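The values are calculated or read from the model by the stated rules, or taken from the named source; none is laboratory data. The shown structure was predicted, so the numbers you read here are calculated from the model rather than taken from an experiment. Just the protein is used for accessible areas: all its heavy atoms, side chains included, with ligands, DNA and RNA removed. Shrake-Rupley method; radii C 1.70, N 1.55, O 1.52, S 1.80 Å.
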Amino acid sequence: PVCFTRAEINQLLALYSRRVRRGEWRDYAIKLAPGMASFVVFKSAQERPLYTIAKFRPGTLGKAGDFLVSQGAHRVMQTSKVDEIVAKLDHQLKLVK
């Protein structure tokens, strides 16, 4: 089974906490499915996900990395390191009203 490591989930939860303090995110979910695990972020519980951070079985996504960040059907980034995801979501992407 694919799951987030303790270090990965700690980084994602720290990012989530910072965005909650800014009033940008309100809810999250962790989903496990065959071959993947995902951390899904919401503005509120009634809305569609803002971002889905998915970790796939090694090699599933090819050489670009095992993590995929998407916003709906749009791929935001693909990488092999959670650090890069946190850096991008923490500083560059902000909810526009």
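A few points about this structure:
- Only protein atoms count toward the accessible area here, which uses a 1.4 Å probe; on the chain, the carbon and sulfur part of that area reaches 54 percent.
- Ratio of Rg to Rh over the range 29-94 (Cα coordinates, Kirkwood Rh, two decimals): 0.96
- Using the 1.4 Å probe convention, the accessible area of the chain works out to 62 Å² per residue with neighbouring protein chains retained.
- Between Lys43, Lys63, Lys55, the Gaussian network model of the chain with springs among Cα atoms under 10 angstrom shows the greatest mean-square fluctuation at Lys63.
- Top of Gly35, Gly23, Gly62 by mean-square fluctuation, Gaussian network on the chain, Cα under 10 Å: Gly62
- Helix-only CD estimate at 222 nm, as mean residue ellipticity for the chain, using -39500 (n - 2.57) per DSSP H run (n ≥ 4): -8500 deg cm²/dmol
- Our analysis of the range 1-68 gives Rg over Rh at 1.00, with the two radii drawn from alpha carbon positions and Rh computed by the Kirkwood formula.
- The chain: most fluctuating residue of Ala87, Ala54, Ala73 per GNM, C-alpha cutoff 10 Å: Ala73
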